[in-house]
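The values are calculated or read from the model by the stated rules, or taken from the named source; none is laboratory data. These numbers come from a predicted model, not from an experiment. Every residue, glycine among them, receives a Cβ derived from its backbone with ideal geometry; neighbour counts consider all protein chains shown. In case anyone asks, the SASA skips ligands and DNA or RNA and just uses the protein heavy atoms, side chains included. Shrake-Rupley method; radii C 1.70, N 1.55, O 1.52, S 1.80 Å.
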Amino acid sequence: MIWLVGNKGMLGTQLGLALTAAGLEHVGTDRELSILEPEAIAAFVRGKGISWIVNCAAYTAVEKAEDEVELCTRLNAEGPENLARLALSLGAAILHISTDYVFDGSGKRPYREDDPVAPIGVYGRTKAEGESRLRAACPKHVILRTAWLYGEHGANFVYTMLRLMRAKDRIGVVADQRGSPTWAFDLAAAVVSIVRAPARHYGTYHFTDEGEISWHDFALEIQRLGRRYGLLERDCAVDALTTAQYPTKVRRPAYSVLSKEAIKASFGLAIPDWRESLETFIKTNRDRMGPRI
Ligand SMILES: NC(=O)c1ccc[n+]([C@@H]2O[C@H](COP(=O)([O-])OP(=O)(O)OC[C@H]3O[C@@H](n4cnc5c(N)ncnc54)[C@H](OP(=O)(O)O)[C@@H]3O)[C@@H](O)[C@H]2O)c1
């Protein structure tokens, strides 16, 4: 039995669907069973025969985190440690989702799993702390770092761009930050492959869709596909901005590309290119992308 933690978030919702489609027995919880309550989570798992805890719950509001350090630390560091301790006591394994924000983004080649972490904001620091507390608490762990996630079950860059492009004549998007847009559907499929793999390869791995792009070029591709699939009717100029022209509370990594060599070698995954996945996402979800987004 798999316990899916954070099953109402963007990734968690997608993963619940993927586990069901794969015929994998699972039980899901979200905020109603807080990962900050060790006794409650221990009582919940009792007698369920849990073999994997998969944690998608987190504090993910990157900007707000700068003002909510304590809550962010509790959710991203203490929470995963609580789950890892519980996994250890059950003899179960834990799969935990982490982020490119553990790196500072000053790299010039795709980040490997063993590159030193150097987070530049509260969110990244707390996620890095969560990783190390989880590693120390339970040796049977898989930490999966991902980046630039979008999907149908949560607020994300694709929806934001389509909404802005419908409403405005001109928008500006940062062109000097690069990463790999990643469809939650693809990440969920990777998690399914890992938990059903006949051999357990514990450790830290990176997963994003293949390819890399700037936010600005990502926005242009969203616009091109939005037009193609009838989601955008009016023109909107998309200006390229520098990070300095688009000040935010938290500094974001300039280079967020993650190497996927390790996960491909250990689990034999075939990872889709981000452009193909974006097109499939837009094509298959265009009916939902009406006024709702
Ligand atoms: N989104 C991205 O671009 C991105 C990029 C890299 C890595 N990641 C990582 O990917 C994972 C999933 O991200 P996501 O975007 O799917 O996040 P999300 O949509 O914010 O989902 C997180 C879920 O955790 C729940 N939660 C909050 N506090 C909780 C608690 N005390 N106990 C149990 N559940 C609680 C949240 O509920 P509420 O909504 O009610 O707070 C929410 O349903 C996270 O680990 C994140 O760090 C995300």
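Worth a mention:
- Among (1) surrounded by 20 or more Cβ atoms within 10 Å (Cβ to Cβ); (2) closer than 20 Å to ILE194 by Cβ - the single one ALA65 does not satisfy: (2)
- Looking at the stretch 108-212, the strands (runs of 3 or more DSSP E) lying wholly inside it that each contain 3 or more residues that are open to solvent by less than 10 Å² (accessible area, probe 1.4 Å) sit at 141-146.
- Subset of the stretch 60-92 [within 12 Å of the ligand (Cβ to nearest atom) and in contact with a strand residue (DSSP E or B) (Cβ under 7 Å, 6 or more places away or on another chain)]: PRO80, LEU83
- Yes/no for GLU233 being out of contact with any Phe, Trp or Tyr (no Cβ under 7 Å at 6 or more places or on another chain) and open to solvent by 50 Å² or more (accessible area, probe 1.4 Å): yes
- The residues listed here are ILE263, ILE271, ILE213; of these, the one that is in contact with a helix residue (DSSP H, G or I) (Cβ under 8 Å, 6 or more places away or on another chain) and within 19 Å of VAL174 (Cα to Cα) is ILE213.
- In the stretch 193-204, the residues that are under 19 Å from TRP3 (Cα atoms) reach residues that are open to solvent by 20 Å² or more (accessible area, probe 1.4 Å) and basic (Lys, Arg) with C-beta atoms within less than 8 angstrom, at least six apart or across chains, in these pairs: ARG200/LYS140; TYR202/LYS140.
- Long-range neighbours under 6 Å by Cβ, at least six apart or interchain, first residue closer than 18 Å to ASN7 by Cα and touching a residue at least 40 places away in the same chain (Cβ under 8 Å) within the stretch 75-97, second assigned to a helix (DSSP H, G or I) and among the polar types (S, T, N, Q): ASN76/THR126
- Test: SER180 is under 16 Å from VAL257 (Cβ atoms) and within 11 Å of the ligand (Cβ to nearest atom): yes
- Yes/no for LEU225 being open to solvent by less than 60 Å² (accessible area, probe 1.4 Å) and in contact (Cβ under 8 Å) with a residue 60 or more places away in the chain: no
- Filtering the stretch 40-79 to residues that are more than 18 Å from ILE143 (Cβ to Cβ) and aliphatic (A, V, I, L, M) leaves ALA40, ILE41, ALA42, ALA43, VAL45, ILE50, ALA61, VAL62, ALA65, VAL69, LEU71.
- Applying the criterion of being within 19 Å of LEU86 (Cβ to Cβ) and of a type in the set (S, T, N, Q) to the residues of the stretch 1-53, the residue that is nearest to the ligand (Cβ to nearest atom) is SER34.
- Residues that are closer than 16 Å to SER89 by Cβ, out of contact with any helix residue (DSSP H, G or I) (no Cβ under 6 Å at 6 or more places or on another chain) and surrounded by 22 or more Cβ atoms within 10 Å (Cβ to Cβ), drawn from the stretch 4-40: VAL5
- Residue match in the stretch 186-208 (condition: away from the ligand (no atom under 11 Å from the Cβ) and within 25 Å of ASP287 (Cβ to Cβ)): yes
- Leading residue by the ranking (least open to solvent (accessible area, probe 1.4 Å)) among those in the stretch 239-293 that are closer than 27 Å to PRO198 by Cβ and among the β-branched types (Val, Ile, Thr): ILE263
- Taking the stretch 41-62 as the range and being closer than 21 Å to HIS153 by Cα, open to solvent by 30 Å² or more (accessible area, probe 1.4 Å) and aliphatic (A, V, I, L, M) as the test, the residues that pass are ALA58, ALA61.
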